[in-house]
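Read through the structure below, which is laid out as structure tokens, and then see the notes.
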Amino acid sequence: MTIGSNIASIRQRIADAERQHGRVTGSVKLLAVTKKHTADDIIAAYLAGQTAFGENYLQEALAKMSLLADKKIEWHFIGPIQSNKTRKIAEHFAWVQSVDSAKIAKRLNDQRPEHLPALNICIEVNISHEQSKSGIIIDEVAGLAAYCQTLPRLQLRGLMAIPKEAEQFEEQRKTFRQLNQLYQDLCAQGLPLDTLSMGMSEDFEAAIAEGATMVRIGTAIFGERV
Ligand SMILES: *Cc1c(COP(=O)(O)O)cnc(C)c1O
């Protein structure tokens, strides 16, 4: 299997899931997750038409960005964020999907360079209530969303989550349904959101069934990370 053919097969599975679950064709965006994979791997995916890439580690991402500076890539930061990393993240990424505190949101807002458009962000939700996971608890999402709306250099696009692994399709769906409910509640309150980022290699079809607008896929495209 090559990266190009894996991309094609994932795109096909996304299209099949859209059709099967009554979703509009093309309504689910693919983010290719490239942590621990090389710039050459990114080029292979890029040549297969993939332009949105997700990275988890700042230093690793910056190294690849400098090698790929001539490519039109939309970079998403999806890893845990330490305060001392916010400036570089605000300078180099188009999206940050892992915002989980007012403090980090404020820093990203204040550090987003003037010459760039507002930084697209998602609030990361700890949907499965795991102690070890990043993300904000469900009860605090609405408050953080309202706060982000007041920050002019951020554009709040929606929610992101990494649920606890579940084997069964129905079990996977249940957690994604909860996240979608939270998302719908925010939309009903008038927030202009358009992004529900959920679903990875092992569960993206369940996420699409429950309303994902973006799936984040690494292993199924690039193989195991070492
Ligand atoms: C690594 C990662 C992914 C991709 O996971 P796979 O199981 O390799 O598809 C998606 N989202 C986030 C936030 C990740 O850290």
- Message: Looking at the range 144-162, can you tell me whether even one residue there is under 28 Å from Arg112 (Cα atoms), in a loop (DSSP other than H, G, I, E, B) and within 13 Å of the ligand (Cβ to nearest atom)?
- Response: yes
- Considering only the range 22-65, how many residues are more than 11 Å from the ligand (Cβ to nearest atom), among the aromatic types (Phe, Trp, Tyr) and not in a strand (DSSP E or B)? 1
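Each row is one residue, and each column tells you yes or no for (1) farther than 16 Å from Ile217 by Cβ; (2) among the hydroxyl-bearing types (Ser, Thr, Tyr).
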{"position": "Ala39", "(1), (2)": "yes, no"}
{"position": "Ile42", "(1), (2)": "no, no"}
{"position": "Leu47", "(1), (2)": "yes, no"}
{"position": "Tyr57", "(1), (2)": "yes, yes"}
{"position": "Leu68", "(1), (2)": "yes, no"}
{"position": "Lys71", "(1), (2)": "yes, no"}
{"position": "Glu74", "(1), (2)": "no, no"}
{"position": "Phe77", "(1), (2)": "yes, no"}
{"position": "Ile81", "(1), (2)": "yes, no"}
- Message: Looking at Ala39, Ala94, Ala8, Ala90, can you tell me which residue is crowded, with 17+ Cβ neighbours inside 10 Å and touching a residue at least 24 places away in the same chain (Cβ under 8 Å)?
- Response: Ala90
- Message: Residues to consider are Glu205, Glu165; find the one that is within 16 Å of the ligand (Cβ to nearest atom), part of a helix (DSSP H, G or I) and of a type in the set (Asp, Glu).
- Response: Glu205
- Which one of these does Glu114 not meet: (1) away from the ligand (no atom under 16 Å from the Cβ); (2) of a type in the set (Asp, Glu); (3) touching a residue at least 12 places away in the same chain (Cβ under 8 Å)? (3)
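Readers should treat all values here as calculations from the given coordinates under stated rules, not as data from a laboratory. Computed from a prediction, not measured in an experiment: that's the story for all the values here. Reconstructed Cβ throughout: ideal geometry from the backbone, glycine too, with neighbour counts over all protein chains shown.
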